[in-house]
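Below is one structure, written out as structure tokens; the observations come after it.
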Amino acid sequence: YRGRWEIEVFFYHLKVGFAVEARQFRDARTMLNAVVFLMGPAWWLHYVQKLARVAPALPCTVCFRAVEWQVLYRVQARQAPPATPPPLGEVFALFCRAGGHLGRKHDAPAGPKTLWRAQQRLAIWLEAYTAFLANGKGCV
């Protein structure tokens, strides 16, 4: 019973954030495939949120790929990323800021909707980075 709330939050990510219930599937097999496919990103969001609260001093590479935290630094912090990976708490704060969380002293922790927006924006920034900047030539 202790883990019930964690399960509720995970399924909230899955149902509301990824709109599993709102999608209209042809049959049960298609729905099952979509749910299985979307469980990975839903679990990742829940895991990152939980780990950043419990162990913010861990290196950010535990949850974020190098290109992800570097793009977050470039866009959100508006500076070149550091040579060594920063702590998870710092990168998670940048990630939440991407979703619209202000991060003021008395603000509540970022919720699921903020994390969904942050994940969508990070995906867009990563696509732009790989399309225009990864080859070192800049925009065409």
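The values are calculated or read from the model by the stated rules, or taken from the named source; none is laboratory data. Note that the structure is predicted; figures quoted are calculated from it, not measured. Note: ideal-geometry Cβ built from the backbone for every residue, glycine included; neighbour counts use all protein chains shown. The area values use the complete protein model at the heavy-atom level, side chains included, leaving out ligands, DNA and RNA. Shrake-Rupley method; radii C 1.70, N 1.55, O 1.52, S 1.80 Å.
A few points about this structure:
- Test result for T130, of a type in the set (S, T, Y) and either open to solvent by less than 80 Å² (accessible area, probe 1.4 Å) or assigned to a loop (DSSP other than H, G, I, E, B) (or both): no
- Selection from the range 5-30 of residues that are over 23 Å from T114 (Cβ atoms) and open to solvent by 90 Å² or more (accessible area, probe 1.4 Å): Q24, R26, R29
- Members of the range 10-32 that are in a helix (DSSP H, G or I) and out of contact with any His (no Cβ under 8 Å at 6 or more places or on another chain): F11, Y12, L14, K15, V16, G17, A28, R29, T30, M31, L32
- When residues in the range 95-113 are screened for being open to solvent by 20 Å² or more (accessible area, probe 1.4 Å) and free of Cβ contacts under 8 Å to residues at least 24 places away in the same chain, 11 of them pass.
- Residue within the range 51-62 that is of a type in the set (S, T, Y), within 24 Å of G111 (Cβ to Cβ) and either out of contact with any Gly (no Cβ under 8 Å at 6 or more places or on another chain) or open to solvent by 80 Å² or more (accessible area, probe 1.4 Å) (or both) present: no
- Residues in the range 6-17 that are of a type outside the set (D, E, K, R) and more than 15 Å from Y47 (Cβ to Cβ): V16 only.
- Qualifying residue in the range 68-79 (condition: of a type in the set (F, W, Y), in contact with a Cys (Cβ under 7 Å, 6 or more places away or on another chain) and open to solvent by 40 Å² or more (accessible area, probe 1.4 Å)): no
- Test: residue in the range 86-109 that is at pLDDT below 90 and assigned to a helix (DSSP H, G or I): no
- Of residues in the range 59-90 being among the aliphatic types (A, V, I, L, M) and touching a Ser or Thr at 6+ places or on another chain (Cβ under 9 Å), the one farthest from L115 (Cα to Cα): V67
- Figure legend. Inter-residue proximity from the range 82-94: first residues more than 12 Å from F64 (Cβ to Cβ), second residues open to solvent by 50 Å² or more (accessible area, probe 1.4 Å) and hydroxyl-bearing (S, T, Y), beta-carbon distance below 8 Å, spacing 6+ or different chains. No pairs are indicated.
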